[in-house]
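Notes follow the structure.
The values are calculated or read from the model by the stated rules, or taken from the named source; none is laboratory data. Quantities reported herein were computed from a predicted structural model and do not represent experimental measurements. All Cβ positions, even for glycine, are placed from backbone atoms using ideal geometry, and neighbour counts span all protein chains on display.
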4 protein chains.
Amino acid sequence: MTLIHAQEWLNTDSPPGPDDLKGRIVAVEAFQMLCPGCVSHGLPQAQRIRQTFRAEDVTVLGLHSVFEHHEAMTPVALKAFLHEYRIRFPVAVDMPGKGPMPRTMSDWGLEGTPTLILFDRQGRMRARHFGQVPDMAVGGEIMQLMLEREGS
Amino acid sequence: MTLIHAQEWLNTDSPPGPDDLKGRIVAVEAFQMLCPGCVSHGLPQAQRIRQTFRAEDVTVLGLHSVFEHHEAMTPVALKAFLHEYRIRFPVAVDMPGKGPMPRTMSDWGLEGTPTLILFDRQGRMRARHFGQVPDMAVGGEIMQLMLEREGS
Amino acid sequence: MTLIHAQEWLNTDSPPGPDDLKGRIVAVEAFQMLCPGCVSHGLPQAQRIRQTFRAEDVTVLGLHSVFEHHEAMTPVALKAFLHEYRIRFPVAVDMPGKGPMPRTMSDWGLEGTPTLILFDRQGRMRARHFGQVPDMAVGGEIMQLMLEREGS
Amino acid sequence: MTLIHAQEWLNTDSPPGPDDLKGRIVAVEAFQMLCPGCVSHGLPQAQRIRQTFRAEDVTVLGLHSVFEHHEAMTPVALKAFLHEYRIRFPVAVDMPGKGPMPRTMSDWGLEGTPTLILFDRQGRMRARHFGQVPDMAVGGEIMQLMLEREGS
């Protein structure tokens, strides 16, 4: 899997490394805790991915990629946010980059938040949805990745 | 495809016969025009199936299976309903059965409305969801059927 | 109160006459059973008026004013509709008029459905909201009518 | 008006003092920026109060009363939050109290967030709604206060 550059992981004692994710579909929700569309759409959708697919098939991760209001969206604030919004999946705090955009966000070519990124079993990025994408389409895309043969 | 016993088809000049549906995924929304859950959930979901998948991959059909208030939900009333709710996909009016339940509904073992029924390319019924089923799960199921090899 | 010309009343054994409504605020929801905006907005709002204000202060009535698809929205169909949507307040079936528009609708100068009409204690029409009007504004208007002195 | 003990005001250059509020209805939305019910219900309702009533009749204020996760909900974070959620009305940052509950929140006997508090023209607290209160009821209550005679 294209590396997540995390300065810290929340909601997990054993942050997933590239090897842990090999052979699994990975859905990453890139968000900012003070981004209204992330709160109303992106994060609830990530929760629904988790409810719909089995954990052994699809791993759901959050990526807190702050590119504005850095002083407001600190890891301490994020911890409180995850608690209040009952978000239980592992969340990586994206590492600072060279400019305002953090490093993973920049490496992955993300345009903003929320963005839902899907990786296949070989760790290749297969989808990158900025903004709102309907649940039905997401369900179809994830299933498509699940049914690909290993090695294909 | 398990036969739809229609006394009439609306929204189409050429009702789909079993042969037309061979080789395609078919999603049938069984509903009653005065069923609140059909209006708020089932029919909008059927519309979203149509928006998400290409017409050459998935055929969406309605099945008006009236098992109560027969005098209120006549074909004439259904026509006005489809017009007002802008439902454009073909809708079969289920044939009367021996009791209050119409014939296709009874043949297919449906419990009530709304029910979303999915058929694979061989015309086999593969899912039958009574009540509310989340969009994400439906998207996954349809994709799974789409990716099955013919003859498998 | 400006007369409701009803060919029939549903949900009541004792249709309210002008004298019964004297001295009360009356909220009339004019609707058609196959009008999507009536189902999603107008009728639920009428239900909330009933839940918010006491029955001795505000009387909520429905007015089924059919001006299109007359053959689909018959009193028999309306009865089934009210049952399925659990609408319990009295509903008048508007009398046929000279053209497609029924008589009360025409007398009151209504533009379409849904329309919420408010009458004060003297039976004067004080508001006529065609389309969507926010709950907060409706709550304010009804309270304003309630607090008017009799005879003012 | 019962005094707001503010350590800071946001969204205004001239914080309203008790004298400024005399003779006006005041609606105060007590909230915490990381409280989900405040984001989904309380603050949008405060915005709707502003849209429904004229500014010369009803003054809408926010009160950021943090009683948990103090380290996350700092004034700096609040500033970013108000910007992202497009909240334009003046917001007081409640002063620290003796325990975890801030001072105004404690003085006013608030149970949690969100709470909508209504003051009449004499500055008397007339309503205190903890949790969700329907828009229609709020509209009615505000109108009731507006129609009270001065001095009554």
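Tabulated results
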read-out: Where C:Ile25 falls short, out of the listed (1) crowded, with 20+ Cβ neighbours inside 10 Å; (2) within 14 Å of chain B (Cβ to nearest Cβ); value: (2)
read-out: Segment B:46-55, residues that are surrounded by fewer than 22 Cβ atoms within 10 Å (Cβ to Cβ) and in contact (Cβ under 8 Å) with a residue 12 or more places away in the chain; value: B:Gln47, B:Arg48, B:Arg50, B:Thr52, B:Phe53
read-out: Conditions (1) at the interface with chain C (Cβ under 10 Å from one of its Cβ atoms); (2) more than 17 Å from B:Leu116 (Cα to Cα); number of the one not met by B:Gly97; value: (1)
read-out: Segment B:121-152: number of residues that are facing chain A (nearest Cβ under 9 Å) and among the aromatic types (Phe, Trp, Tyr); value: 0
read-out: Residue satisfying condition, being farther than 24 Å from A:Gly139 by Cβ, of a type outside the set (Lys, Arg) and in contact (Cβ under 8 Å) with a residue 24 or more places away in the chain, within set A:His5, A:His41; value: A:His5
read-out: Number of the condition not met by D:Met33 [criteria: (1) assigned to a loop (DSSP other than H, G, I, E, B); (2) over 20 Å from D:Met125 (Cα atoms); (3) of a type outside the set (Ser, Thr, Tyr); (4) without any contact (Cβ under 8 Å) to a residue 12 or more places away in the chain]; value: (4)
read-out: Residue check, D:Pro75 touching a residue at least 60 places away in the same chain (Cβ under 8 Å), touching a helix residue (DSSP H, G or I) at 6+ places or on another chain (Cβ under 8 Å) and more than 9 Å from every other protein chain (Cβ to nearest Cβ); value: no
read-out: Residue under evaluation A:Gln144, criteria (1) under 17 Å from the mean Cα position of the chain (by Cα); (2) surrounded by 15 or more Cβ atoms within 10 Å (Cβ to Cβ), criterion not met; value: (1)
read-out: Conditions (1) within 15 Å of D:Pro96 (Cα to Cα); (2) within 11 Å of chain A (Cβ to nearest Cβ): number failed by D:Ser40; value: (1)
read-out: One residue from A:Leu118, A:Leu61 being within 23 Å of B:Ala137 (Cβ to Cβ), within 14 Å of chain B (Cβ to nearest Cβ) and either surrounded by 16 or more Cβ atoms within 10 Å (Cβ to Cβ) or at pLDDT 95 or above (or both); value: A:Leu118
read-out: Count of residues meeting criterion [out of contact with any strand residue (DSSP E or B) (no Cβ under 8 Å at 6 or more places or on another chain) and either small (Gly, Ala, Ser) or closer than 23 Å to D:Leu78 by Cα (or both)] in segment A:40-78; value: 13
read-out: Complete set of residues in segment B:86-108 that are within 20 Å of B:His69 (Cα to Cα) and either surrounded by fewer than 16 Cβ atoms within 10 Å (Cβ to Cβ) or polar (S, T, N, Q) (or both); value: B:Pro96, B:Lys98, B:Gly99, B:Pro100, B:Thr104, B:Ser106
read-out: Residue check for D:Gly131: closer than 13 Å to D:Ala30 by Cα, at pLDDT 95 or above and surrounded by fewer than 16 Cβ atoms within 10 Å (Cβ to Cβ); value: yes
read-out: Count - residues of segment C:45-58 that are in a helix (DSSP H, G or I) and either away from chain B (no Cβ under 14 Å) or over 17 Å from C:Leu118 (Cβ atoms) (or both); value: 7
read-out: Answer from D:Arg88, D:Arg50, D:Arg124, D:Arg54 - the residue that is closer than 25 Å to D:Met143 by Cα, over 16 Å from the mean Cα position of the chain (by Cα) and among the charged types (D, E, K, R); value: D:Arg54
read-out: Residue check for A:Ala72: of a type in the set (A, V, I, L, M) and either outside any loop (DSSP other than H, G, I, E, B) or under 13 Å from A:Pro114 (Cβ atoms) (or both); value: no
read-out: Meets criteria (touching a residue at least 12 places away in the same chain (Cβ under 8 Å), among the β-branched types (Val, Ile, Thr), more than 10 Å from every other protein chain (Cβ to nearest Cβ) and within 20 Å of C:Tyr85 (Cα to Cα)) for B:Thr113; value: yes
read-out: A:His69 vs. criteria in contact (Cβ under 8 Å) with a residue 12 or more places away in the chain and not hydroxyl-bearing (Ser, Thr, Tyr); value: yes
read-out: Number of the condition not met by D:Asp107 [criteria: (1) away from chain C (no Cβ under 14 Å); (2) touching a strand residue (DSSP E or B) at 6+ places or on another chain (Cβ under 8 Å); (3) of a type outside the set (Val, Ile, Thr)]; value: (2)
read-out: So A:Phe31, is it of a type outside the set (A, V, I, L, M), within 14 Å of another protein chain (Cβ to nearest Cβ), within 27 Å of D:Lys79 (Cα to Cα) and surrounded by 21 or more Cβ atoms within 10 Å (Cβ to Cβ); value: yes
